[in-house]
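Please read the structure below before turning to the comments.
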Amino acid sequence: MHYSKPMIDIVMEVRRRLPSDLKPSVKLANPELLSELAQHYPVSRDTITRTLIKELMQLAGESWPERLSTPAKTDSPKTQTKVYRGQVSLEQRSEKPTAPEPETKRPLRVYRGQVVYS
């Protein structure tokens with residue numbers, strides 16, 4: 001596929017906004033770039049990223065915009081929304097609540113760069 005200048009700009013902006021685990025696969029040299037972005041679209045929570053991916057698919061033409069028509073999951077039971085000082089964040093919840101393990105080691109105490117044994 002040949003990318004136009006607006007498409008290249010959108011791909012670079014999407015790459016900047018994606019999580020670090022997806023960045024290696026989002027490159028213009030990757031022949032499966034649009035397919036991978038279409039798979040990430042329903043999972044993405046960032047509205048700007050979703051809009052950029054949608055615009056990229058429209059610029060790509062053909063059948064790409066139809067691949068995004070799958071409904072996105074709104075709030076899965078494995079995630080929890082937390083608000084701290086006005087910032088909304090999603091955190092993963094564990095399946096089973098685990099009790100904290102008792103600490104057997106004492107914390108290491110350091111004073112002026114030297115380990116202190118007490």
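What follows draws every value from the coordinates through simple rules; no lab data is involved. Only a predicted model underlies this, so the values are computations on that prediction, with no experimental measurement involved. Cβ sites come from the backbone with ideal geometry, for glycine too, and all protein chains shown count toward neighbours.
Want the number for Asn30 to Asp46: 0.36 nm per residue separation, take away the alpha-carbon distance, what's left?
Values: separation 16, 0.36 × 16 = 5.76 nm, distance 2.29 nm.
Using 0.36 nm per residue and subtracting the Cα-Cα distance, I get 3.5 nm.
Given a Förster distance of 41 Å, report the FRET efficiency between Glu55 and Leu108 from their Cβ-Cβ distance, rounded to the nearest 0.05.
0.20
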Would you mind getting me the FRET efficiency between Asp9 and Leu90? Use the beta-carbon distance for r and R0 = 41 Å, nearest 0.05.
-> 0.90
What length, rounded to one decimal in nm, is gained on full extension from Gln39 through to Ser63, with 0.36 nm per residue of separation minus their alpha-carbon distance?
-> 7.2 nm
